[in-house]
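Visitor: The structure under discussion is supplied below as structure tokens; questions concerning it will follow.
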Amino acid sequence: MLFRRREPDGLLERVRIHLWPRRSFSRSFQYFSKRILRLRATPHSVAAGVAAGVFASFFPLGFHFVVAAVVCWVIAGNLVAAALGALFFGNPLTFPLLWGASWETGKLILHDHLPRHGPPEHLGEMMHTLSFAKLWHPVLEPMLIGAVPLGVIFGLVFYGITRWGMTAFREQRKKRMAERAEKARQGGREVPAE
């Protein structure tokens, strides 16, 4: 490979880069936004895919790509955009916020079915022994129920933002290509295809 490092990064360095990018978060945001804007699909398909990825990021069980793929298939979204949306919106830095918001929303929805004092005292022990039956009612049920409305709301917001961005990006690109073709016609040379 032409641009491969002489000594590849170790596991700890790769985890650190995944949590905290080398350059900056704005550069990572620009990278993901350009990747999404340059997908060759309809604006609805790309926006629906991003919305499916954002929706799936709120779910606590770790099947984000499966949930995103199923939702993407149901709403005719782009699977690559769904994966990019799930990777960007649901990452190790945002998971505690997303899951905490899902749990609090689920507690509000199920207010009369949950104990008033929050999770059980032995939550760490139950998670260590992975007692799914004991975790279901106090923790997982409110998280799943709270994830649905939050996922729908944020999915719709990101659908609108992505669709608007795709439409504006393509209009700007079409205008640039028309200007380039006009300049080439005036200069009497061929226009390279983009």
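Conditions tested, residue by residue: (1) at pLDDT 85 or above; (2) surrounded by fewer than 17 Cβ atoms within 10 Å (Cβ to Cβ).
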residue: 58; (1), (2): yes, no
residue: 77; (1), (2): yes, no
residue: 81; (1), (2): yes, no
residue: 86; (1), (2): no, no
residue: 90; (1), (2): no, no
residue: 110; (1), (2): no, yes
residue: 146; (1), (2): yes, no
residue: 152; (1), (2): yes, yes
residue: 155; (1), (2): yes, no
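Visitor: Has the range 35-47 got any residue that is assigned to a helix (DSSP H, G or I), open to solvent by 30 Å² or more (accessible area, probe 1.4 Å), modelled with pLDDT under 80 and out of contact with any strand residue (DSSP E or B) (no Cβ under 6 Å at 6 or more places or on another chain)?
Guide: Yes, because at least one residue in the range 35-47 is assigned to a helix (DSSP H, G or I), open to solvent by 30 Å² or more (accessible area, probe 1.4 Å), modelled with pLDDT under 80 and out of contact with any strand residue (DSSP E or B) (no Cβ under 6 Å at 6 or more places or on another chain).
The values are calculated or read from the model by the stated rules, or taken from the named source; none is laboratory data. Since this is a predicted model, take the numbers as computed values, not measurements. For neighbour counting, all protein chains shown are included, and Cβ atoms are generated from backbone atoms with ideal geometry for every residue, glycine included. In case anyone asks, the SASA skips ligands and DNA or RNA and just uses the protein heavy atoms, side chains included. Shrake-Rupley method; radii C 1.70, N 1.55, O 1.52, S 1.80 Å.
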